[in-house]
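Data block below; observations after.
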Amino acid sequence: MTNRNWDLTALLNAADPQAALAERNLWLVRLLEWLRHAPREATAAGTPLPLVRLKHLLNVLERHPEHAFNFSSVIAGVWNDVDAVSLFAEVGFAPRMALWHEFLGRLRRRVLPATTDTRDLAALFELLFGDENDEDWIAAIDDELLGRLGLLFTAAPDDGWRVEMAAAVTVLVSSVHAAGLSGPLRVRMDELLLQDKPFHQLPAAWEAVERALAQREDDVLAPSLQFLRALLDRCRAAAQTVPEHLEAHGVSVDLMFSVEQLTARLDRIEALLACLVSDAPQRELLRLVAGLVRVVHERRSLRTLFARHYSLLARKVAERSAETGEHYITRSRAEYRDMLQRAAGGGAVIAGTTFLKFFIGLLGFTAFWGGFWAGVNYAASFVLIHLLHWTVATKQPAMTAPAMADKLLYIDRDDGLQGFVDEVTHLTRSQVAGIIGNLALAAPLVLAVQGLCWLAFGAPLVGEKDAQYVLHSLDLFGPSLLFAAFTGTLLFASSLIAGWVENWFVFHRLDSAIAWNPRIVSLLGRGRAQRWSHWWRANISGLTANTSLGLMLGLVPALIGFFGLPIEVRHVTLATGQLAAAVGALGVGVMTTWAFWSCVLCIAGIGMLNVGVSFFCAFKVALRSRGVRLADRKRVYAAIRQRLRREPMSFLIPPK
């Protein structure tokens, strides 16, 4: 599009005020490219490259009035032929208050080429200032150079920009007025800040200022402007209470995006007012242009969009997981014994899950349906464990990590650091209790069922062929450890899904709907509706986590298999049950072979990877969602090592 080798003479000779608008726009784009690519050897110390050529351009125009006339005529013609309101009122703002609509718009701007054949100054502005460094050199223009820039605009009407800017303020005030009165935002703002109805009063207040500006009534302008700015501050304060409401009642990224758009429009109104009422507006106009360049490049970034608007949702999901995770951390011997008992109950259910898995394999389903029914088997088992208030050890890390991240907020103090180390020991102990409890009952129960089948039917429930496959699949030097790490990511993903669904449940007030919906109350009765409401509010996270985890363990490997990737899942409790079934089929003599002990070592690695990967992922998300930077890692690690030396058994058994 642009030839960077154009020299200034060629550019000035190409300036044609009578050319088509697309050609004049293209000439301006080429001019800006020429400014950016000044030779480095011509750069004065500390002077940005474009300013070197800008000064050279002004020197040439001052010596050649005919070039100056053509130059300013092109700029004046472009200004007259384009819609300048869009530049002031639309650059940096989404056309709709919807995050995903903005995402698609940004994606389109990144992928599709733009054209200079446009009457939209906002679109032309993005082409003119396509370099992220443009903001820096524009802001570096000093007062002397700023005064000389008037030479470039001699053919333009003196107050033409004021008319367009006032129209832009009208558009922005209308948008703020509509957004502030919209139901989703209005009902979430602080009622005290809305008592004097600042959003209602905005249009009339701006009309008074606009009328005073047009009639140059300085005595009327001052109080009108003061009142308008007070209303803008009031509107901003009201909008900033929406995130506080969302923190307490469930997060919506679309609403957060709407709040950000509203406050950004308020800031733009303030910037435009500063230009309109200033006696010497050149500096304010320059500051406005630099700000517009910045927002143009911010709007091109997809990463910035999602990082900004999903941070609050990530924090809320992590907080809800932290609330659940507290139940998985044992801090006393009584809680430790309770964890062992609940984990043992979970292991008993997993024993039945193991046999159902082998039975589903015998039915000869296709890959998808085999994975689907395996997922249903896992999900039903995990939900049953949840409803019986038992536990599966590998579900704990993703839930407990956010609770751990909360403790990191205070590690700058010695007592806070020791509190974090205490929590590490509690968590490690809880994990050990959970895994021991799961395995202590799962393996013996599977062996017992295999033995009973030998006695009753003369053959085990799981045959020799399946047993040999188990020994092969759990080999220490096979891919099982890689599959175990992959399973850890699924365990983490289930906690995210659970947190998101619980946030969605709370945001839409479904617990209140169950308790007070007329149809539900008439069907269940008031008392039962209230109990159902409390039950769903307490269990929605657990049900979602267990259902999603089970389905992912079954379906994700099948779906990935469609792409030729032989991914499987390796869950420590299920793997232990499978190995116990293999021993029951092949006899206890297999326990003297390397194949068996290779599987035992592999299962130990599977357990560590299931727990470690899940905890690591959840811990990193929790840290980022809270804005915690673990800078003093050495201090934390030293404190943990010291506890290991002084009280090693505290990581396995709770103290008396």
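Read the figures in this text as sums done on the coordinates, not as results from a lab. Keep in mind it's a predicted model, so treat the numbers as computed, not measured. Heads up, the Cβs are rebuilt from the backbone with ideal geometry, glycines too, and the neighbour counts pull from every protein chain shown.
Structure notes:
- Lys/Arg +1, Asp/Glu -1 at C-beta; the chain dipole; positive extreme among 424, 241, 381: 381
- Amide hydrogen neighbours beyond the local backbone of residue 83, cut-off 5 Å, H modeled: 120, 121
- A simple spin-label model places the labels of residue 151 and residue 58 0.8 nm from each other, with each point 7 Å out along Cα-to-Cβ.
- Most to least packed among 559-566, 593-600 [average Cβ atoms within 10 Å]: 593-600, 559-566
- The charge dipole of the chain, taken about the Cα centre with unit charges on the Cβ atoms of Lys, Arg (+1) and Asp, Glu (-1), comes to about 3020 debye, rounded to the nearest 20.
- Cα-centre dipole for segment 8-300 with unit charges at Cβ (Lys and Arg positive, Asp and Glu negative), debye to 20: 600
- Per-peptide packing, taken as the mean over residues of other Cβ atoms within 10 Å, places 139-151, 269-281 in the sequence 269-281, 139-151 from highest down.
- Counting charges near residue 148 (Lys, Arg +1; Asp, Glu -1) among other residues having Cβ under 11 Å from its Cβ returns a value of -3.
- Residue 241 long-range amide H proximity, modeled H, under 5 Å: 190
- Intensity falloff of segment 8-300 expressed as log10 I(q)/I(0), Debye formula with alpha-carbon point scatterers, at q = 0.10, 0.13 Å⁻¹: -0.63, -1.00
- Put a dot 7 Å past the Cα of residue 244, heading toward its Cβ, do the same for residue 407, and the two dots end up 3.2 nm apart.
- Think of segment 8-300 as having a plus end and a minus end, set by charges on the Cβ of Lys, Arg, Asp and Glu; of 292, 271, 251, 251 sits farthest toward the positive end of this dipole.
- Principal-axis analysis of the Cα atoms of the chain puts helix 526-561 at an angle of about 90° to the longest axis.
- Computed Kirkwood radius, in angstrom, where 1/r is averaged over Cα pairs of segment 328-626: 20.6
- Take 63-71, 369-377, 548-556 and order them by the average number of nearby Cβ atoms within 10 Å per residue, most first; the result is 548-556, 369-377, 63-71.
- Cα long-axis angle, helix 218-239 against the chain (0 to 90 degrees, to the nearest 10): 10
- Nearest-0.05 FRET efficiency for residue 207 and residue 14, computed from C-beta distance (R0 45 Å): 0.50
- Length released on extending from residue 140 to residue 191, taking residue separation times 0.36 nm less the Cα-Cα span: 14.0 nm
- Residue 559-residue 644 pseudo-label distance in nm [points 7 Å out on the Cα-to-Cβ vector]: 3.8
- The stretch between residue 388 and residue 286 holds 30.0 nm of extra length on full extension. This uses 0.36 nm per residue minus the Cα-Cα distance.
- Relative pair counts by distance (%), Cα atoms of the chain, 10 Å bins: 3, 12, 17, 17, 15, 13, 11, 8, 4, 1, 0
- For the chain, calculated [θ]222 nm from helices alone, where every DSSP H run of n ≥ 4 adds -39500 (n - 2.57): -25000 deg cm²/dmol
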